[in-house]
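Please read the structure below before turning to the comments.
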Amino acid sequence: MERQVTLIALFAALIAVLGLVPKFALASGIPITAQGMGIMLCGTVLGARRGALAVLLFLGLVALGLPLLAGGRGGLGVFAGPTVGFLIGFPIAAFVTGLIMERMRGAPVFPAAIIAAVIGGIVVLYIPGILGMVAMLDLTVTQATLSMAPFIPGDLIKAGLAAALTSALYKARPSSVLSRA
Amino acid sequence: MLTLTSEIRTPYHRIRAGAKLAGLCAATVGLVVLDSLAAMLLANAAVAGLYLVPGRAFLRAGLGLLKPVWFFVALVMLWHGLTGDLMAGAVIALRLIAAVALANLVTMTSRFDDLVEVVMWGLAPLARLGVNTAPIGFAIVLVVRFIPVMLDKARLLIDAWRARSPRRPGWQVALPITLVAVDDAEHVAEALRARGGFDMD
């Protein structure tokens, strides 16, 4: 119990710290941040339930007014903003990522984690994200999806990094990777 | 710990956090229900008025927090301009600005500790049902502490990299930073268990 709570708190903090990594621009000029990688890591390392709890803890602190979202955003305002769909999608994404990771227990960590991170951290995350933009900005689904397309290459890179990190962590500290424990 | 609570004292700081949150909920529902340009203009004027009461510096700070919204305002106006429905676009953009600004106002005028207290108050019925809510409060404190510690350790490892390599530190430092953090968390867990942990009694 104590171990699970501290690891959940640690990964909530990790999402915040990754939000502080300076953003860099891809060739397309669209800035990408490392925060999404934190969501993926919550799933791949902590598993479904605990990963989602870590993300919920992080979002709770954002709602309470800590500027922990990438770019120093935070407070209740972000939950009234157009990106609220992504915030709702964060815990779902971590949960699905963790679920796939747990279901693929038989597979080696790296390929399992990359599949889990792409499906959970990109496909599953984009669905509520895009629906949120449709609802808040009155766009059509096509328009909202088109606005998101430039972010896909960056998110694929993040999924690869998250998987590499998970697999390295599993080699160094197997007992801390709760999705495989 | 850095929070978004404003340093500028306002009359709103004195209102109870729970009351402000309830008011915010009601106002946001109102913004969604009202659907005319006139109502949205009026709502924005009212919100601007609320921000002006404590003075210009407070209004400027509020505008700073609104920065991420402008991109989406531009996006909405662009798409609606293309479909030839600028009026609908304006209503949506104005609603967005008012809703985000109101929520930011609650954040700017409420202390972090007071908001945590509202959360714990909301969780109290769960505790009565026998759910152990102590770990939730504890986890909040842990995250607030872990963030600066992790940043410090990351800075040390990045300095160590810089001292040894002419290249910029990149993904290679990610694993050591994660390992140090995970080991720290395991130590904290051990220390917690040694002191009795989360037992309810």
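Assorted remarks:
- Over the stretch A:2-176: Kirkwood hydrodynamic radius from C-alpha pairwise inverse distances, Å: 16.0
- Here the Debye sum runs over all C-alpha atoms of the stretch A:112-181 as equal scatterers in vacuum, and log10 of I(q)/I(0) at q = 0.11, 0.13, 0.24 Å⁻¹ comes out as -0.37, -0.48, -0.98.
- For the residues of A:163-170, the average number of beta carbons from a partner chain within 10 Å of their own beta carbon is 2.
- Mean-square fluctuations from a GNM of chain A, with a 10 angstrom spring cutoff on Cα atoms, peak among A:VAL45, A:VAL134, A:VAL55 at A:VAL134.
- Sorted by Cβ density within 10 Å, fewest first, the residues B:LEU126, A:LEU68: B:LEU126, A:LEU68
- For the segment B:77-89, counting C-beta atoms of other chains within 10 Å of every residue's C-beta and taking the mean gives 2.
- Largest-first principal axis extents, alpha carbons of the stretch B:49-201, Å: 63, 58, 36
- Cross-link pairs exceeding 31 Å in C-alpha to C-alpha distance, out of A:LYS158/B:LYS20; A:LYS171/B:LYS67; B:LYS20/B:LYS67, comprise A:LYS158/B:LYS20; A:LYS171/B:LYS67.
- P(r) for the protein assembly as shown, from all Cα pairs and a bin width of 20 Å, is 26, 56, 17, 0 %, short bins first.
- Taking Cα atoms only, the orientation of helix B:67-82 departs from the longest principal axis of chain B by about 50 degrees.
- Per residue of peptide B:133-141, the mean number of Cβ atoms on other chains within 10 Å of the residue Cβ is 4.
- Using the Stokes-Einstein relation with a Kirkwood hydrodynamic radius computed over Cα pairs, the translational diffusion coefficient of the stretch B:11-111 at 37 °C and a viscosity of 0.692 mPa s comes to 230 µm²/s.
- Cα-based helix-to-principal-axis angle, B:17-33 vs chain B, degrees rounded to 10: 50
Values quoted throughout were computed directly from the atomic coordinates according to the rules given, and no laboratory measurement underlies them. Just so we're clear, the structure is a prediction, and the values are computed from it rather than from any experiment. All Cβ positions, glycine included, derive from the backbone under ideal geometry; neighbour counts span all protein chains shown.
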